[in-house]
Amino acid sequence: MASRNGIGAKLLIISGVLIINSLGVLYLSRNNFKLPEFLNFAFDFAEAKFYEESEHDNLSHRASHSSPTIFTEQNDPENKAYSEVKSIQSNTGFGDHAAPHAYKCLDKIKPPERKTIYTWTDGKGVKHISDSPRKLSSSTSVKVAKIINPDEISLNFLSHNLPFDVQRALRERVQDALDVFALVTPAESMTPVVANIRSFSAQDAYEKYSKRFNFSMPRSSGFYLSGKNESVILIRDNEQTLQTLTHEVMHTINRHWYGQMAKWLNEGMAEYSESSKNLTKSAWVNHFKSNQPLALTSLFEGTSNSWHKDSHNFYASSWAFVAFLMNEDQDLMSRLLLLEGENGCKEVSVRDIQQLYGNNIEALESDFRRWFRKNL
């Protein structure tokens with residue numbers, strides 16, 4: 001009897017392992033074939049509960065919130081969840097933002113310290129091999145992309161309700177942003193990106209979908225689900241929809257090329273992408289007619305709570321500082337992006353910025369203010 005019980009327990013364990021393994025295989029391959037609805041529901045429920053308890057990714061966005069080859073498909077890729085939320089324009093011309101939330105880094109895991117070999121090619125084309133990561137500084141030479149081809153970024157529309165004119169304009173606007181950012185993008189960071197876009201024309205359907213991921217943003221008009229690699233938008237007028245899409249696609253690109261980023265850099269790039277070839281077309285230009293940007297230290301060290309309380313100034317200042325870097329110090333911008341792509345789950349700090357700049361924050365602040373007074 002004891003031996004039979006032992007055999008039964010072993011069979012039970014083996015069966016359990018096989019079932020768990022099978023579910024894991026189905027979950028990872030669910031994008032490739034259609035699963036029964038009850039399995040999709042179970043996976044979605046598990047994802048939502050996991051992220052509810054462990055990580056609320058950067059909720060945000062404002063009202064005016066980009067890429068090349070378009071594939072029109074109705075497949076419904078499912079992965080994990082969360083990131084950016086974009087809100088409808090307020091009467092002041094700017095959107096209401098949600099505070100960014102800290103979350104566990106899942107996409108950039110630092111390698112184990114022991115038995116790790118680091119290899120990289122510097123800006124001069126010299127390949128290095130070392131048992132410690134390279135140290136970036138103001139003298140680091142970065143090999144930039146210079147040109148980002150349209151087929152590097154593909155738009156995959158999961159819905160068929162976006163006007164063709166908006167789709168075409170989005171492709172053009174994303175390419176405009178790529179043309180500008182190519183001058184600062186580290187060549188080694190680039191990888192092909194597919195930006196999945198899900199659009200809703202009805203508010204109730206949009207809200208129902210957002211609640212699946214524990215979003216409760218009645219004024220939002222879009223958000224980015226980083227784990228699912230999906231930009232979700234509520235269709236408004238063509239221009240607002242286009243701005244929302246451009247902003248979210250930039251978050252998609254940043255997520256794939258740099259992983260977890262400092263909030264100000266991620267949002268500043270997304271804001272800048274909306275009018276990347278014409279600074280004066282940004283809504284933030286009018287904002288600065290009666291406002292000053294935040295002190296750089298306040299911007300760099302902004303917490304979730306401070307972003308929530310003063311979202312307009314944080315978004316505006318992020319845009320302004322990225323605009324300054326793109327127009328006045330592209331070398332520093334390239335080093336910042338290179339470091340973000342290599343620093344694991346960390347984000348660039350004030351100390352990092354000083355080291356990459358080669359001077360203290362006060363000197364950087366002085367350069368920024370001088371440019372701001374002249375251009376904005």
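The values are calculated or read from the model by the stated rules, or taken from the named source; none is laboratory data. What you are looking at is a predicted structure, and each value in this text was computed from that prediction instead of being measured. All Cβ positions, glycine included, derive from the backbone under ideal geometry; neighbour counts span all protein chains shown. With ligands, DNA and RNA removed, areas are computed over all heavy atoms of the protein, side chains included. Shrake-Rupley method; radii C 1.70, N 1.55, O 1.52, S 1.80 Å.
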Amide H contacts under 5 Å for SER221, restricted to residues at least 5 apart in sequence or on another chain and with H modeled in the peptide plane, are LYS86, SER87, ILE88
Flagged as over-length at 23 Å C-alpha distance, from LYS127/LYS277; LYS127/LYS263; LYS289/LYS374; LYS208/LYS281, the pairs are LYS127/LYS277; LYS127/LYS263; LYS208/LYS281
The simple spin-label model distance between ASN375 and ALA205, using points 7 Å out along Cα→Cβ, in nm, is 4.2 nm
Quick calc: nm separation of the 7 Å Cα→Cβ label points for SER130 and CYS345 -> 2.4 nm
Per the stretch 303-376, sqrt(5λ) over the Cα gyration tensor eigenvalues, sorted largest first, in Å, gives 20, 19, 11
The rounded separation in angstrom of the Cα centers of the stretch 302-376 and the stretch 180-227 is 24 Å
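Using the crude model of +1 on Lys and Arg Cβ and -1 on Asp and Glu Cβ, and no other charge, please compute the dipole size for the stretch 162-290 relative to its Cα centre, in debye to 20.
Working: 15 positive and 14 negative charges, 64 e Å.
Dipole of the stretch 162-290, to the nearest 20 debye: 300 debye.
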Note to self: with every protein chain in place and a 1.4 Å probe, the stretch 222-369 gives an accessible area per residue in Å² of 34 Å²
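Determine the share of the stretch 237-376's accessible area contributed by carbon and sulfur atoms, expressed in whole percent, with a 1.4 angstrom probe.
Values: 2230 of 5380 Å².
Result for the stretch 237-376: 41 percent of the exposed heavy-atom area is carbon or sulfur.
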Residue separation between ASN214 and SER137 times 0.36 nm, minus their alpha-carbon distance, gives in nm 23.6 nm
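Give the residue list of trypsin sites (Lys or Arg not before Pro) in the stretch 286-352 that are DSSP loop and have at most 16 other beta-carbon atoms within 10 angstrom. Mind showing how you got there, number by number?
On the way: sites: LYS289, LYS309, ARG335, LYS346, ARG351; in loops: LYS289, LYS346.
Listed in order of number, the matching sites are LYS289, LYS346.
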With N residues in the stretch 171-239, Rg(alpha-carbon) / (2.2 N^0.38 Å) equals 1.37
The size of the Cβ-based charge dipole (Lys, Arg +1; Asp, Glu -1) of the stretch 117-198 about the Cα centre, to the nearest 20 debye, is 200 debye
